[in-house]
Each structure stands twice: as C-alpha cells, then as structure tokens.
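What follows is one structure encoded as structure tokens, with my remarks underneath.
The values are calculated or read from the model by the stated rules, or taken from the named source; none is laboratory data. Remember, predicted model here, so these are calculated numbers, not experimental data. Every residue, glycine among them, receives a Cβ derived from its backbone with ideal geometry; neighbour counts consider all protein chains shown.
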Amino acid sequence: MTKTALITGVAGQDGAYLAHLLLQKGYKVVGGIRRSSNSTHGRLAELGIERDIQIIDFDLSDLPNIWRTISEVQPDEVYNLAAQSFVKTSWAQPLYTADVDAIGVTRMLEAIRTVNPKARFYQASTSEMFGLVQEIPQREVTPFYPRSPYGVAKLYGHWITVNYRESFDMFACSGILFNHESPLRGLDFVTRKISLHLSRVKTGEIECLELGNLEAKRDWGFAGDYVEGMWMMLQQPNPSDYVLATGDANSISYFVEEVGRALDMDIVWDGTGLQQRGIDRKTGKVVVRVNEAYYRPAEVDLLLGDATKAKEKLGWTPKVKVNELAQMMAKADYDRVKSGRVLF
Ligand code: NAP
Ligand code: F7E
C-alpha cells in the first residue's frame, strides 16, 4: 500500500531533497509550506517535483493548523524539518526561534499523539546542540552545550522527542545532523555565500566576498546523502537517535580555497583576524575580506561528528566528500550567475 509522508518545511533545502527521495520510493508526499508573499517553490521546481507533491498551508506556530493537518493527512511518516534554521538570526529573534524550533516540536508531538499515534516521527536535531564541544568527535552520548538561542531551542526539541518516545511509546527519532550543504542551500549560510559570491567575483559582477570568522571548522556533507539517513531512521524496527556526519572537519578558509580552485582561482591568505585577506594569485586581486558584522556573539569553533552508530545500525554512509561538495556548489552557482537565473 502507498505510504503517505508529511514533510514540514518542504520548501527548504532538506525538504526538497527528502521529497524527491520519497517520491522515488513511491510515497505520496504532502508538504507543509508557510505562507509568503513571494514564491517559495524554487527548490521544488529546481528538482522538477513541484507538481508531484501536495502542498498545504502549514505553520509550526499554529497548533490548530498542525492538528488539522495531522488529522486530514493521516501520515504514516512525519518529517519535522521546518525551523528558523539560521543560527545568527536566533540572537535577533530568540523568542520566535524558541516558539518554532522548541515549542513547535511539542505541538507536532501532541497532535500526533492525540490524532494519529501510530505515525512515525523524525525530528531535525542538530550538531549545534554540541556547541562548546565536550568531546571530539561528537557522538550520540556526548554531553550537549549549545551556544546560541537556536542551539538551545533545538536541544529542547531533541529532548521532548526523546521524552515522548519514552512516555508514550511513540516511534519518534531525533537525527543529530552535522552541517549539510548543496546547490539548494539558503543564501545566508556560509558555504552557499562563498559559492555564489566567488562566482560573482569570477564573472566581474562584484569585486570581493566579505565573511566573518574564517577559523571556525565544520563537518560538511551533502544534503542529498543526509535525507537518505532521515528516511532510514524511520524504517528501523525500533526508534532511536543518530548522529549523521562525515567525520571530516575543515575551516571556512579551506572551503573558500576549494570553491576558488573549482572556479580556476588560486586563493592565498595574508594578514590575521579582521585584517586577513584572500588574494587570487592568478590576478593579484583581493577577493576575500573579513567584516566584523558577520561575527557571532558566541561562536561554535569546531564541529566534528562520529556517525559510527548510523553506519552500523542503518548502513548509512555519506558519499560526497567536502572538496566534491565545494566543486558541485561552485559549478551550480557559476552557471546560475552566467545565465542570470533566479536564485533562492
Ligand atoms: P531551511 O532551508 O532553512 O528550511 C527550513 C524550512 O522551514 C523553510 O522552508 C522555512 O520556510 C520553514 N519554516 C520556517 N519557519 C517555519 C514555521 N514557523 N512554520 C513552518 N515552516 C517554517 O533549512 P534546512 O537546511 O533545510 O534544514 C532543515 C531542518 O534541519 C531545520 O529544522 C534545521 O534547523 C535542521 N538542520 C539543518 C542542518 C543543515 O546543515 N542544513 C543541520 C542540522 C539540522 P521559509 O522557506 O518560508 O523560510
Ligand atoms: O555558519 C562562520 C560562522 O551559518 C558556519 C545551519 O544549517 O548548520 C548550520 O549552522 C560557520 C560559523 O552554519 C560567515 O561564524 C564565517 O562558524 O553556514 P553557517 P551554522 O551556523 O554552522 C547547523 C548544523 C544547523 O543546524 C543550522 O540550522 O561559518 N562564518 N563567515 C559565517 N557564517 C555565515 N553564515 N556567514 C558568513 O559570512
């Protein structure tokens, strides 16, 4: 029998890739999108699946809306991907971030528990919960120490998922996912900012890319690999929590160099801190500068995940390496910039 999946946040990066995967697997996919005055279907259109999924009005801050959705859709699987997902904005909007990323998860769980308790639930947890890391690499049992209102809110979402599983015997899983990127990544996030703006530098549209802390290190993977792990978690005989990560951490400056390489630039560095500059050795031009405006009140210096449990229990392995990811993103953005296509 055809399974029905509900994806909240389907217009986001992961939502689009997950919808694509589930359609390939023969699911009926219902996607929740919050209302906007602009078109929000760009990523779904990019993957050619805009017309293959049923779109519904959905907002994590609205309990009756969630309740009706669960009741009407009667999903077999629910993937809760919707969130205020940009860490820096969480300092500007801490209460909104808490309402959506923390309490919103309880709204989802309450609606499922009451209306459709057999539905399997996936919560989009995050490596940001490790924040000021207490162990290297980070595993499912590593103590948490979030460093932003986003990380704190997501930690609540994580524990309420565990709690509903233990309290009400629900099939609820929390995926602790490390950074995953793609050509569909939002423009605010550093990898996409780098691939888009270095492409613009390359075509002469702008002179320079401005970034914040170049020293932070992240464990970057490809979003297409990570949505497969989300699905695998909900196919197991028992619910559990899993880290998904590549096990390889690199600095922001490394990602700049790799994107530069893919665009036929040779970026080298001079200066330190706010004075640091990236220079394209091939042209002698300064193509990267540091701007304090992009620094954060509290930084997460290093994230490095250990996905052994996911490898052993789910058979999940990430396929795309960080340099391949940088190449993929650079190519996609360079082609978009050259052809003047709409960005999302
Ligand atoms: P994303 O591109 O920002 O997508 C999030 C989606 O949630 C967007 O479509 C957004 O709508 C929607 N949304 C925001 N507030 C909402 C609300 N109140 N009600 C309903 N929908 C709302 O993020 P992503 O990278 O795909 O990440 C998916 C999930 O995984 C998020 O929960 C994120 O926090 C988590 N996560 C991501 C990563 C990562 O590296 N990508 C790692 C760990 C965890 P708009 O399009 O209108 O903004
Ligand atoms: O920052 C540094 C910044 O915004 C990465 C979200 O998907 O992954 C993401 O959160 C690093 C930070 O991602 C700029 O200070 C330097 O150290 O790309 P980001 P994030 O904060 O790691 C986690 C796992 C999630 O769960 C989140 O939802 O890059 N950085 N210069 C910069 N970051 C940005 N955005 N812009 C800069 O100019």
Pairs with Cβ under 8 Å, 6+ apart, first in the stretch 182-194 and over 19 Å from LEU18 (Cβ atoms), second modelled with pLDDT under 95 and more than 9 Å from ligand 1 (Cβ to nearest atom): LEU187/LEU343
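Got at least one residue in the stretch 111-130 being within 14 Å of ligand 1 (Cβ to nearest atom), surrounded by fewer than 22 Cβ atoms within 10 Å (Cβ to Cβ), small (Gly, Ala, Ser) and more than 26 Å from LYS217 (Cβ to Cβ)?
First, the residues of the stretch 111-130 that are within 14 Å of ligand 1 (Cβ to nearest atom): 111, 121-130.
From what's left, surrounded by fewer than 22 Cβ atoms within 10 Å (Cβ to Cβ): 111.
If we keep only those that are small (Gly, Ala, Ser) as well, we get 111.
Adding the requirement that they be more than 26 Å from LYS217 (Cβ to Cβ) leaves 111.
Yes, the stretch 111-130 contains at least one residue that is within 14 Å of ligand 1 (Cβ to nearest atom), surrounded by fewer than 22 Cβ atoms within 10 Å (Cβ to Cβ), small (Gly, Ala, Ser) and more than 26 Å from LYS217 (Cβ to Cβ).
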Return yes when ARG43 is assigned to a helix (DSSP H, G or I), modelled with pLDDT of 95 or more, out of contact with any His (no Cβ under 8 Å at 6 or more places or on another chain) and within 16 Å of ligand 2 (Cβ to nearest atom) and no when it is not. yes
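Specify the residue that is nearest to ligand 1 (Cβ to nearest atom); the eligible residues are those in the stretch 195-226 that are free of Cβ contacts under 8 Å to residues at least 24 places away in the same chain and over 22 Å from the mean Cα position of the chain (by Cα). Walk me through how you get there before you give the answer.
Residues of the stretch 195-226 free of Cβ contacts under 8 Å to residues at least 24 places away in the same chain: 197, 204, 206.
Those still in the list that are over 22 Å from the mean Cα position of the chain (by Cα) too: 204, 206.
Details: GLY204: 29, ILE206: 24 Å.
It comes out as ILE206.
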Just the residues that are part of a loop (DSSP other than H, G, I, E, B), surrounded by 15 or more Cβ atoms within 10 Å (Cβ to Cβ) and not hydroxyl-bearing (Ser, Thr, Tyr), please, taken from the stretch 53-85. ILE53, PHE58, ASP59, LEU60, ASP62, PRO75, ASP76, LEU81, ALA82, ALA83, GLN84
Condition broken by ARG107, with the remaining ones in (1) of a type in the set (Lys, Arg); (2) out of contact with any Phe, Trp or Tyr (no Cβ under 7 Å at 6 or more places or on another chain); (3) farther than 17 Å from LEU63 by Cα satisfied: (3)
Take PHE189 and decide whether it is of a type in the set (A, V, I, L, M, F, W, C), within 13 Å of ligand 1 (Cβ to nearest atom), surrounded by fewer than 18 Cβ atoms within 10 Å (Cβ to Cβ) and closer than 22 Å to GLN84 by Cβ. yes
Can you tell me which residue among LYS319, LYS282 is assigned to a loop (DSSP other than H, G, I, E, B) and under 28 Å from GLU135 (Cβ atoms)? LYS319
Being free of Cβ contacts under 8 Å to residues at least 60 places away in the same chain and either of a type in the set (S, T, N, Q) or in a helix (DSSP H, G or I) (or both) is the filter; apply it to the stretch 325-341 and report the residue that is surrounded by the fewest Cβ atoms within 10 Å (Cβ to Cβ). SER339
Quick test for you: out of ALA5, ALA16, pick the one residue that is surrounded by 16 or more Cβ atoms within 10 Å (Cβ to Cβ), at negative phi and not in a helix (DSSP H, G or I). ALA5
Just name the residue that is surrounded by the fewest Cβ atoms within 10 Å (Cβ to Cβ) out of those in the stretch 239-278 that are over 26 Å from ALA330 (Cβ atoms) and in contact (Cβ under 8 Å) with a residue 60 or more places away in the chain. SER240
How many of the residues in the stretch 91-106 are within 10 Å of ligand 1 (Cβ to nearest atom) and in contact with a helix residue (DSSP H, G or I) (Cβ under 7 Å, 6 or more places away or on another chain)? 3
